[in-house]
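Each remark here refers to the structure printed beneath this line.
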Amino acid sequence: MNNSVTNTARLLWAGLRALLGLTLVTGVIYPLVVTGIAQGLFRDQANGSEIKADGKVVGSSLIGQSYNLPLEKGQETPEPDLKWFQGRPQNGLGTNSVNTRYSLILSGATNRSADNKDLVDWVTAAKAAVVKDNSVNGYTVKPSEVPADAVTSSGSGLDPDISPQYADIQVHRVAEKNGLPVDRLEKLVDDHTEGRTLGFMGEPRVNVLELNTALRELLAKS
């Protein structure tokens, strides 16, 4: 009887020591080591790839944002604030998509096929809107100049980047809305255009949040 109690107590004590030891290693030491390495070597990525303006975090370079006017009474969909560069369409067909207005509730693409009438009509209307919004005095956008990323959302619906072509056709409109020289904004776009990753992966791109943050700083100095 005594031996049985002793063996049980010994096993319980061994199990408790194992629990405490593993908790210390996997629950305290390992997370601290990984966090320390991440903060030391990949601080920006580990903290969410934050973008700051005036010392405040305004977003992440990995997640797109909308630049819209405040909703007016009776409106369901906000109008874009055309003094800013606009990102990709916000995932599909308005309220029928899984992620509207970059709400971050869900991410994903529309499940409509390329020949779906609703999708075709939406893309056609989106192209017409891009042409209308970006055609200003002395500069007219042709439908053939509108790139695909101006009228379609990305697979996640949260893409923060646009093509240099889409940024370029917005330059004249943004310049007119803000009273800035076109060549100054063209340089701003060029300065924020990134090439292919490692020179061969992906496509050249412009991060809209970073571009608009730079635009905000430019306006503050003007």
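Would it be correct to say that V206 is open to solvent by less than 20 Å² (accessible area, probe 1.4 Å) and in contact with a His (Cβ under 8 Å, 6 or more places away or on another chain)? Judged against the criteria, V206 is a match.
For every residue, the table says whether it meets (1) surrounded by fewer than 13 Cβ atoms within 10 Å (Cβ to Cβ); (2) at pLDDT 85 or above.
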residue: L16; (1), (2): yes, yes
residue: G21; (1), (2): yes, yes
residue: T35; (1), (2): yes, yes
residue: G40; (1), (2): yes, yes
residue: A46; (1), (2): no, yes
residue: Y67; (1), (2): no, yes
residue: T77; (1), (2): yes, no
residue: F85; (1), (2): no, yes
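Conditions (1) of a type outside the set (A, V, I, L, M); (2) farther than 16 Å from D149 by Cβ, marked per residue:
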| position | (1), (2) |
| --- | --- |
| N178 | yes, yes |
| V182 | no, yes |
| R205 | yes, no |
| L209 | no, no |
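Here the stretch 181-203 is the region considered, the condition is being among the β-branched types (V, I, T) and in contact with a helix residue (DSSP H, G or I) (Cβ under 7 Å, 6 or more places away or on another chain), and the residue that is least open to solvent (accessible area, probe 1.4 Å) is V189. Taking the conditions exactly as written (modelled with pLDDT of 95 or more and not basic (K, R)), does N134 satisfy them or not? Yes; evaluated as a whole, the condition is true for this residue. For the stretch 139-159, residues that are in contact with a Lys or Arg (Cβ under 9 Å, 6 or more places away or on another chain), of a type outside the set (A, V, I, L, M, F, W, C) and more than 22 Å from A114 (Cβ to Cβ) total 1. I'd like the full set of residues that are in a loop (DSSP other than H, G, I, E, B), modelled with pLDDT of 85 or more and open to solvent by 90 Å² or more (accessible area, probe 1.4 Å), limited to the stretch 48-65. If the condition is that a residue be in a loop (DSSP other than H, G, I, E, B), modelled with pLDDT of 85 or more and open to solvent by 90 Å² or more (accessible area, probe 1.4 Å), then L62 is the only one that fits. In this entry, L218 is excluded by the filter for residues that are in a helix (DSSP H, G or I), under 19 Å from R88 (Cβ atoms) and open to solvent by less than 50 Å² (accessible area, probe 1.4 Å).
Take the conditions within 21 Å of A53 (Cα to Cα), modelled with pLDDT of 95 or more and crowded, with 17+ Cβ neighbours inside 10 Å and apply them to V174. Does it pass? Yes.
The values are calculated or read from the model by the stated rules, or taken from the named source; none is laboratory data. It should be emphasised that the depicted structure is a prediction, and the values quoted were computed from it without experimental measurement. Neighbour counts run over all protein chains shown; Cβ positions are idealised from the backbone, glycine included. The accessibility values were calculated without ligands, DNA or RNA, using every heavy atom of the protein model including side chains. Shrake-Rupley method; radii C 1.70, N 1.55, O 1.52, S 1.80 Å.
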